[in-house]
Amino acid sequence: YSKQNGRNGFSFYFEDLSSDSKRVLKLDGELRKAIENKDFELYFQPKISLSDNRVVGIEALVRWNNEELGFVSPAEFIPFAEETGLIIPISEIIIHKACEDLRKLRDAGYSDITMSINISSIHFQQVNFLKSIKSILEKNNTSANNFEIEMTERTVMNNDTDTVSKLVRLKQLGFKLSIDDFGTGYSSLSYLVRFPLDYLKIDRSFIQHMVSLDEKQAVVDAIIQMAHRLKMKVVAEGVESVQQLNLLREMGCDFIQGYYYSKPVPMDELIEFLQIWEVVHQEGKEK
Ligand code: C2E
Ligand code: MG
Ligand code: MG
Ligand code: MG
């Protein structure tokens, strides 16, 4: 009997599993509990305009701190949640929290900073995606004009009428649209012309080595030129050094995100960052 081998039959079998399978089972169980308790938090990273040193936007990044597993990176649990379909309720919780945190930002006096949210292709492809995002915004009494939606190339790669019409509808509602991690996906350039996109975010992997590798620099330069010809603005993600910053400025990049300015932080800390930023850049102007 299994009882002899553990506290109960389950733990007997559980202990026989490989550590990978244990992790997956654990993740699945804990994620389901986290969804029930809406146990996720959002951190925010500022996006800075190179032309006038203003914080024009912030990107919401989900954080999950689990009692037993500790901090689990979104790079681990988001792909897992996409496989199991749990991404849909998680994504709805994230959008809801984004609305709540936006209110805090507005209450602190920051009325024109837009908030980016990352949307999974699985959620985007749901038949009722538009309905679901609209109803969360309505419940929170906020408008799409406050938000930017970040999607990867994978999400918009399907060049079907459904994808096109969804993107057009999102634009009509007032959302700004960004392609995230640009350059790492399937990079079919045809969609860039066909879709109503506002921003390209150059993937961190290009920025990371652009100072020492000429090839990476060439790619970054080409992306910026192309985006501008297509009337899109460019965001460089993962900027960590002043050398990277200066190169990007020379190349005409529009916006910068990265540890050089700030790591993602909770809303209260972001508001402190904004207050300090204002003081520093106000003084700069008066001199
Ligand atoms: P992403 O949307 O491309 O986000 C950028 C990632 O780079 C974030 O990691 C951010 O913390 C990190 N980062 C920003 N600046 C720097 C830098 O200067 N250096 C380095 N080394 N890293 C930097 P994070 O928060 O761990 O998120 C990883 C990925 O997980 C995101 O990539 C996104 O694909 C996904 N993700 C995060 N939050 C959400 C969410 O709310 N919804 C969905 N669907 N996906 C999310
Ligand atoms: Mg993103
Ligand atoms: Mg990215
Ligand atoms: Mg990424």
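The values are calculated or read from the model by the stated rules, or taken from the named source; none is laboratory data. From a predicted model like this one, the values you see are computed outputs, not experimental measurements. Heads up, the Cβs are rebuilt from the backbone with ideal geometry, glycines too, and the neighbour counts pull from every protein chain shown.
Mind listing whichever residues of segment 221-260 are aliphatic (A, V, I, L, M), under 14 Å from Met210 (Cα atoms) and under 18 Å from the mean Cα position of the chain (by Cα)?
Within segment 221-260, Ala236, Val239 qualify.
May I ask you to say which residue of Ile90, Ile48, Ile113, Ile94 is buried (at least 19 other Cβ atoms within 10 Å of the Cβ) and farther than 24 Å from Asn140 by Cα?
Ile48 is the lone residue from the list that is buried (at least 19 other Cβ atoms within 10 Å of the Cβ) and farther than 24 Å from Asn140 by Cα.
Condition first: within 16 Å of ligand 1 (Cβ to nearest atom) and either crowded, with 20+ Cβ neighbours inside 10 Å or over 20 Å from Val62 (Cα atoms) (or both). Now tell me which residues in segment 123-136 satisfy that.
Matches in segment 123-136: His123, Phe124, Gln125, Gln126, Ile133.
Select from segment 134-169 the residues that are within 16 Å of ligand 2 (Cβ to nearest atom) and at pLDDT 95 or above and list them in ascending order.
Scanning segment 134-169 gives Phe147, Glu148, Ile149, Glu150, Met151.
Of all the helices (runs of 4 or more DSSP H) wholly in segment 139-208, which have at least 3 residues that are more than 15 Å from ligand 1 (Cβ to nearest atom) and surrounded by fewer than 18 Cβ atoms within 10 Å (Cβ to Cβ)?
Answer list for segment 139-208: 161-173, 190-194.
Scan segment 243-263 residue by residue and report those that are without any contact (Cβ under 8 Å) to a residue 24 or more places away in the chain and near ligand 1 (Cβ under 10 Å from one of its atoms).
Tyr259, Tyr260
Taking interchain pairs and intrachain pairs at least six residues apart, which have beta carbon atoms under 6 angstrom, with the first residue in segment 174-188 and modelled with pLDDT of 85 or more and the second among the β-branched types (Val, Ile, Thr)?
From residues that are modelled with pLDDT of 85 or more, the pairs are Phe175/Ile149; Leu177/Ile149; Asp180/Thr152; Asp181/Thr152; Phe182/Ile202.
If I filter segment 76-86 for residues that are near ligand 1 (Cβ under 8 Å from one of its atoms), touching a strand residue (DSSP E or B) at 6+ places or on another chain (Cβ under 7 Å) and within 26 Å of Arg103 (Cβ to Cβ), do I get at least one hit?
The answer is no, given that none of the residues of segment 76-86 is near ligand 1 (Cβ under 8 Å from one of its atoms), touching a strand residue (DSSP E or B) at 6+ places or on another chain (Cβ under 7 Å) and within 26 Å of Arg103 (Cβ to Cβ).
Residue by residue, here is whether (1) under 15 Å from the mean Cα position of the chain (by Cα); (2) of a type outside the set (A, V, I, L, M, F, W, C); (3) closer than 22 Å to Lys26 by Cβ holds:
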{"site": "Leu86", "(1), (2), (3)": "no, no, yes"}
{"site": "Ile93", "(1), (2), (3)": "yes, no, yes"}
{"site": "Ala98", "(1), (2), (3)": "yes, no, no"}
{"site": "Arg106", "(1), (2), (3)": "no, yes, no"}
{"site": "Ile119", "(1), (2), (3)": "yes, no, no"}
{"site": "Lys134", "(1), (2), (3)": "no, yes, no"}
{"site": "Thr161", "(1), (2), (3)": "no, yes, no"}
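Output the number of the condition that Ser116 fails; it satisfies all remaining conditions of (1) assigned to a loop (DSSP other than H, G, I, E, B); (2) within 16 Å of Ala144 (Cβ to Cβ).
Here Ser116 clears every test but (1).
So if I check each of Asp180, Asp198, which one is within 16 Å of the chain's Cα centre (by Cα), among the acidic types (Asp, Glu) and more than 14 Å from ligand 3 (Cβ to nearest atom)?
Checking each option against the conditions leaves just Asp198.
Mind listing just one residue for me: the one in segment 59-78 that is more than 20 Å from Ile149 (Cβ to Cβ), part of a strand (DSSP E or B) and in contact with a helix residue (DSSP H, G or I) (Cβ under 9 Å, 6 or more places away or on another chain) and, of those, farthest from ligand 4 (Cβ to nearest atom)?
Filtering first and then ranking leaves Asn66.
Spot the failing condition for Arg249; the list is (1) farther than 24 Å from Leu105 by Cβ; (2) not in a helix (DSSP H, G or I), and only one is missed.
Just one mismatch for Arg249, condition (2).
Is it the case, given these coordinates, that Ser121 is in contact with a His (Cβ under 6 Å, 6 or more places away or on another chain) and either closer than 26 Å to Gly183 by Cα or charged (D, E, K, R) (or both)?
Against the criterion (in contact with a His (Cβ under 6 Å, 6 or more places away or on another chain) and either closer than 26 Å to Gly183 by Cα or charged (D, E, K, R) (or both)), Ser121 does not qualify.
Any residue at all in segment 47-58 that's under 24 Å from Glu237 (Cα atoms), within 16 Å of ligand 3 (Cβ to nearest atom) and touching a helix residue (DSSP H, G or I) at 6+ places or on another chain (Cβ under 8 Å)?
Looking for residues that are under 24 Å from Glu237 (Cα atoms), within 16 Å of ligand 3 (Cβ to nearest atom) and touching a helix residue (DSSP H, G or I) at 6+ places or on another chain (Cβ under 8 Å), one finds at least one in segment 47-58, hence yes.
Which residues, taken from segment 225-242, are more than 10 Å from ligand 1 (Cβ to nearest atom), buried (at least 18 other Cβ atoms within 10 Å of the Cβ) and in a loop (DSSP other than H, G, I, E, B)?
Met232 - this is the single residue of segment 225-242 that is more than 10 Å from ligand 1 (Cβ to nearest atom), buried (at least 18 other Cβ atoms within 10 Å of the Cβ) and in a loop (DSSP other than H, G, I, E, B).
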